[in-house]
Structure formats: C-alpha cells, structure tokens
Amino acid sequence: MYYKRFNFRRNVRQIPIHVILILAALVFIYPTFWVIMASFKTGQELYQAPWALPKQPTIGNFIQAWQMAHLGRAFINSGIVSLSAVVLILLVSIFAAYAISHMDFRGKKTIYFIILLGIMAPIEALIIPIFITLKKFNLLNSYLGVIFPYATVGVPFSLFILVNFFKDIPSEIKDAALIDGTSHIQFLWKIVIPLSVPAIVGVSIFQGSLIWNELIVSLTVLQDENLFTIPLTLATFLRRFVREWSLTFSTLSLSMIPIVVLYIIFNRHFERGLTVGAVKG
Amino acid sequence: MNSMNNNSINSKSFVSRITPYLYISPALLLLICFLAYPVLYNIHVSLFDWNGVSPKKLFVGLQNYKNIFFNDKPFYNAIGNTFVFTAGAAVFQTAVGLLLAVLVSRIVLFRIVYRTIFFIPVVMSIVAVSFIWTWMYNPVFGLINGIFRLVGLECITTAWLGNYNTALGAILVAAIWKWAGFTMVVYLAGIQNIPTELYEAAAIEGAGRFKQFLFITFPLLLPQTFINVLLTTIGSLKVFDWVFIMTAGGPGRQTEVLPYLIYYNGFRFHRIGYSAAQGTLLFMVVIFLSFIIIRAFKGFKV
C-alpha cells in the first residue's frame, strides 16, 4: 500500500480528501494548540488579542503555575503510582496469562471467563465499597490505596491481550523445550516473554496512560495534597482559580505537554497497544 | 520424554499440578480483594442506612431500592441522562471514527501525521480536555462562540454549558472529540486487513466508491464496530470526570449522570447505603447492556 515514489497524479486526485482531513485535523488540534499558545501570553495580551500568536512569549505563567499548583510534586506522585501499578499489572498478568495459555488445569476456562468479566466492571459503581475496604486496611490516603485498585482494573484486559499473544507462540518451540526438560519458569522467562515484548510494551503504555489520567479513584482515596496525582491536582487547583485564565492555561499546558510529546515520539507503540487486542478480538 | 525435573512442562507430580494455580493466584487474589469483594460488599452495604462513619448502621433491607424506584426523581433523571449520553456516544463516536478511518486509509501522503493528530486527544486526561472545552464553551471568550460570531451567526451563540438544552450535548461533543481518534485507530486496523482485490472486483462490476463502502468496507468491519460500540458504551455509562469538571451536574440536573449521583450521595450527602444501592444498580446496568451488545453482534457474525 505504500508507494515509494511521490505519485503526483494520485495525490492531486486525492486533494478533496486532504481538504476534509485538514479541516478535521484543525478541529482536533486547534483547541489544544490554542491553550498552549495562550499560556505564553501575559494576562493583558490574552484579553486584548486572544487569537493572535503571542508577540512576546513569556514563560512567567509556567513558572507561576508550576509553583502554585505544586506540579513537580504532582508529576512525581503520578509517576510513582502509574509505574507501580503497571509493574504490578504486568507481574500478575504475565504469570496468569502463561498459566492460561500454556498450562492445563481444572477450571481453566471458567476462571478465565470470570476474570474477563472484570473488563466490564465499572469501578465508578464500586468507589463506596473500595473506600470502606481501603479504610479497613488502613490504605486510605496512600500510594498503595490507589495502586491496588488501578492494578485490579487493568488486569483483566491485559490478561486478555497477553493470553492471545502467548497462544500464538508456535508449538514447535514448546516441543523443543519439552525435549530439553525445561521448567515452566525458564520457558516463560527465556522464550515466552522475549517473544511477547511488543504486546507487553503495548499493554504497559496503554494501561499506563489510562492510569496516569485517572480521576475518580484518586479523588476518593487521596486526601493529603502531598499525594495528589496530576489529574487530581488539576481538578482541585483549577477549580479554585478558574477565573485566572493565564494561570489555568499554563497549568493545563504543563500537565498535558509531557504525555502529548511522549505520544508523538512513541505513537506506534501507543496504537499497537490497542490494536494488538482489537484485531484479534 | 525424560522429564525428571519436577517442574518441567511434562511431569505430572503434585508440584506440577498445583503450579498453574500458583501462577494464577496473584491475579485471582488481586481481583477478589479489589473487585469481587467490593461488588459483594456494595450489595451488603446497600441494605443498610448508614452515613459511613458512625457505628450505627440500620438494617433496612430493600428500603433503599424502594426509595430509588419510587421516591427518587433525580435517579430517573440521571439514568435518562446517562442513557442519552451513552446512545449519542455509541452512535457518533463510532461514526466519526469510521469516517476518519475511511478517509485516512485512502490517502498515502501525510497519513501518519493525520493519524497522530486525531489520536492526540485520546492520550490527554479527561480532566485536561474538560478544562479546555469548558473554556471553548465560554460564552464570551470561548472559541465556539468566537467562530460563530466570526461567520456572522451571533444568534446561535449561547452559554453552551449553562443552557438547559445544550449542556449534555456540549459534553457529548467534547467526549467525541476526545475519543474519535480511538475508534478511528481500531477501524484503521480492520481496514488494513481487507484485501484490495475485493475493491478492484467491485470497481470492475461498476460499483462506485459509496457502494464499495456500503457493501465491502462496512460489513467487513463488523468486528471492529462491535468492539468500538461495546467499549464506547461501557465507557460512556461510567462517565464522571466530564461532569465533575465541566458542569457539576448542572444546569439544574441536566447533566447529572449516574456515576456522579453515586459519588455525590456517598461522599457529600453521606448516604452510604443509598449510594451503594445506586452503585449496584449501575453495575447491573453495565453488565446487562454489555451482554446485550455481545448477543446482538454474535447474531451478525456468521
């Protein structure tokens, strides 16, 4: 489908499609772009010329936003929580996926089915019991208090993706390992995992970005401002200062830019995390 | 096979028989503690009248549910809003994604650029997108009204989030903006698997572009449509962040959705039992609708 040479005739024929796509692309990128541009403007310039590009770009807003909203702390918190939750998801899912795809045991199909039901479970409906449960275990207002629920929500879907991927490992390899008397652990560690790196990376990025952007669980569990994740910081801080547009925009921009830049650089991996499951499913 | 190693893939010893259960137990443990148990505990709590802190819990049986079904107008309002929103999202989010996917799949130049741009809102947090669109809908300074004024349509301008008629739709538009790239990517993956010979054969038979879409592309994309509709529905039923940031349920109760109601009843009004009952109902609605969708699409897949 990809032609190496720039085919002028074909591209000219497709100009109408490009026109539509350019318009759509403007719709999808301009709001974000505007907010980022606006944060380079001073408050005055914002009111006087909201649409023009900033004449004298200033980073004062960013510095103010960073300090007032404690964004450094928020980034660290989000980082700790997301990373730990993804690691936990991977640990738990890889072993379980291996068991389901390469081992035989009673109740395998039933257990797999029940876990997959978890994909549909809405955690928004369960915040009350989760809150009470965490309170009982003294995990409220702590990193673990959010890491465990996040990991729990992410396991069923990750398991699904990994099981499909693991199953695709050719059986000749397993037969060869059998002849060698390989143990399960060795097989998993030396063969299955290296062959499944694309799926593992895709799952990590996909779950990681969902967890990074999550709000309701962290809203419920985290009370101490020192522990607030980025979405929670945005929600509480910006609601207080919603009239101060410069501050609002710069805070928003600072919180958005990292993940948008990460995505632009790694975009193949992001999308692969989705389609690895979607195409097979 | 000389499998003397107790742990090797082929041995039948006790260790090898319990190994699978060992491998799967962390997953099961996590899910039981933080998913299964909360679901059951939710049902348990919903049978009580409780404010969450005091040791005084009054067993009221199904009273909470009775109150919900007979005394609670906001609940029906919230369900209505949730359903309207979900239906709108299921239809338009997938439609826009499909349209974008079809267009992007036809061109070669800049394809990655377009795909990336459409997907950027997907990776942003709902909180950030909510704030961006709150500003966009600002009646005085916002981009939406700005554009209308620019083309001379001052009459259409309104406070999109404050207007009873437009608030829910406004949030829906923002949600579609965020997620259309996702449905697009799923569809794109499916489109790439359609063999081009089909289109060539159809072209020879004299079928135009639109007919080709209707009779080749769309039917062959049924698995992707199924996934998109299912995920969009499940996701839309759970909508909380948008409402929390953009409208706080207002104006009036026009944008109050069920998850928002659950949160409010539980953590602001401290009616824990009541909130748990609503949570249980939401849970059942999601499971029920999911099964309906799965059933419906299994019927198409022959």
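A short reminder: the numbers here are calculations on the coordinates, not readings from a lab. Remember, predicted model here, so these are calculated numbers, not experimental data. Because the Cβ atoms are built from the backbone with ideal geometry, glycine has one as well, and the counts that use them run over all protein chains shown.
Through the Karplus equation 6.51 cos²θ - 1.76 cosθ + 1.60, θ set to phi - 60°, convert the phi angles of region B:137-146 into ³J(HN,Hα) values in whole Hz; use x for Gly and Pro.
Result, rounded to whole Hz: 8, 4, x, 9, 9, x, 5, 4, 5, x.
Once both labels are modelled 7 Å past Cα along the beta-carbon direction, what's the A:L144-A:I185 spacing in nm?
Roughly 2.5 nm, to one decimal.
Return the calculated 222 nm mean residue ellipticity for chain A, to the nearest 500 deg cm²/dmol, obtained by summing -39500 (n - 2.57) across DSSP H runs with n ≥ 4 and dividing by the residue count.
Calculated mean residue ellipticity at 222 nm is -23500 deg cm²/dmol.
Taking R0 as 45 Å, what FRET efficiency do you get between A:I76 and B:K211 from their Cβ-Cβ distance, rounded to the nearest 0.05? Mind dumping the intermediate values first?
Numbers: r = 56 Å, r/R0 = 1.25.
Once rounded, the FRET efficiency stands at 0.20.
Which whole-Hz ³J(HN,Hα) couplings does region B:26-32 yield from phi under the Karplus relation 6.51 cos²θ - 1.76 cosθ + 1.60, θ = phi - 60°, glycine and proline marked x?
x, 4, 4, 4, 4, 5, 5
Using only Cα atoms, locate the centre of region B:193-271 and the centre of region B:59-84, then give the distance between them in Å, rounded to an integer.
That distance is 26 Å.
Put a dot 7 Å past each Cα toward the Cβ at A:K135 and B:K66; how far apart are the dots in nm?
If labels sit at B:K66 and A:K135, their model points lie 2.6 nm apart.
Quick one: which of A:K167/B:K178; A:K135/B:K178; A:K108/A:K167; A:K167/B:K238; A:K109/A:K167 span more than 24 angstrom between C-alpha atoms?
Working: A:K167/B:K178 33 Å; A:K135/B:K178 34 Å; A:K108/A:K167 14 Å; A:K167/B:K238 32 Å; A:K109/A:K167 14 Å.
Check vs 24 Å cut-off fails for A:K167/B:K178; A:K135/B:K178; A:K167/B:K238.
Once the piece of chain linking B:A296 and B:N165 is laid out straight, how much longer is it, given 0.36 nm per residue of separation minus the C-alpha distance between them? Provide the component values of the computation, followed by the final result.
Values: separation 131, 0.36 × 131 = 47.16 nm, distance 3.20 nm.
Extra length available between B:A296 and B:N165 comes to 44.0 nm.
Once you have a ≥ b ≥ c as the square roots of the Cα gyration tensor eigenvalues for chain B, tell me rounded if a/c is under 1.5, and otherwise prolate or oblate according to whether a/b is larger than b/c.
Working: a/c = 2.15, a/b = 1.05, b/c = 2.04.
Oblate, because a/c is 1.5 or more while a/b does not exceed b/c.
Counting helices only, and only those DSSP H runs with n ≥ 4, report the 222 nm mean residue ellipticity of chain B as the sum of -39,500 (n - 2.57) divided by its residues, in deg cm²/dmol to the nearest 500.
Values: 14 runs with 196 residues, N = 302.
After summing the helix terms and dividing by the residues of chain B, the value is -21000 deg cm²/dmol.
Put +1 on the Cβ of each Lys and Arg and -1 on the Cβ of each Asp and Glu in region A:1-123; which of A:I94, A:N11, A:G107 then has its Cα farthest toward the positive end of the dipole?
Going by the charge dipole, the pick is A:N11.
Which value, in Å³ per residue, describes the convex hull spanned by the Cα atoms of the protein assembly as shown? Walk me through the numbers on the way to the answer.
Working: hull volume 112.6 nm³, N = 583.
So the per-residue hull volume is 193 Å³.
In percent, what relative contact order does chain B have, based on Cα pairs under 8 Å that are 6 or more apart in sequence?
On the way: 329 pairs, mean separation 82.7, N = 302.
This gives 27 percent for chain B.
Given an 8 Å cut-off on Cα distances and at least 6 residues of separation, report the relative contact order of chain A as a percent. Numbers along the way, then the final one.
On the way: 242 pairs, mean separation 86.4, N = 281.
Here the relative contact order equals 31 percent.
With a Förster radius of 25 Å, plug the Cβ-Cβ distance of B:F59 and B:C33 into 1/(1 + (r/R0)^6) and report the FRET value to the nearest 0.05.
Details: r = 25 Å, r/R0 = 1.01.
Computed FRET efficiency for B:F59 and B:C33: 0.50.
Using alpha-carbon pairs under 8 Å, 6+ residues apart, how would you state the relative contact order of region B:53-156 in percent? Write down the numbers at each step before the final one.
Details: 23 pairs, mean separation 7.3, N = 104.
Relative contact order comes out at 7 percent.
Compute the separation of the alpha-carbon centres of region A:161-235 and region A:27-81 and state it in Å as a whole number.
Between the Cα centres of region A:161-235 and region A:27-81 lies a distance of 33 Å.
Using a Förster radius of 60 Å, what is the FRET efficiency between B:R268 and B:E197 based on their Cβ-Cβ separation? Nearest 0.05, please.
Details: r = 60 Å, r/R0 = 1.01.
Working from the Cβ atoms, E equals 0.50.
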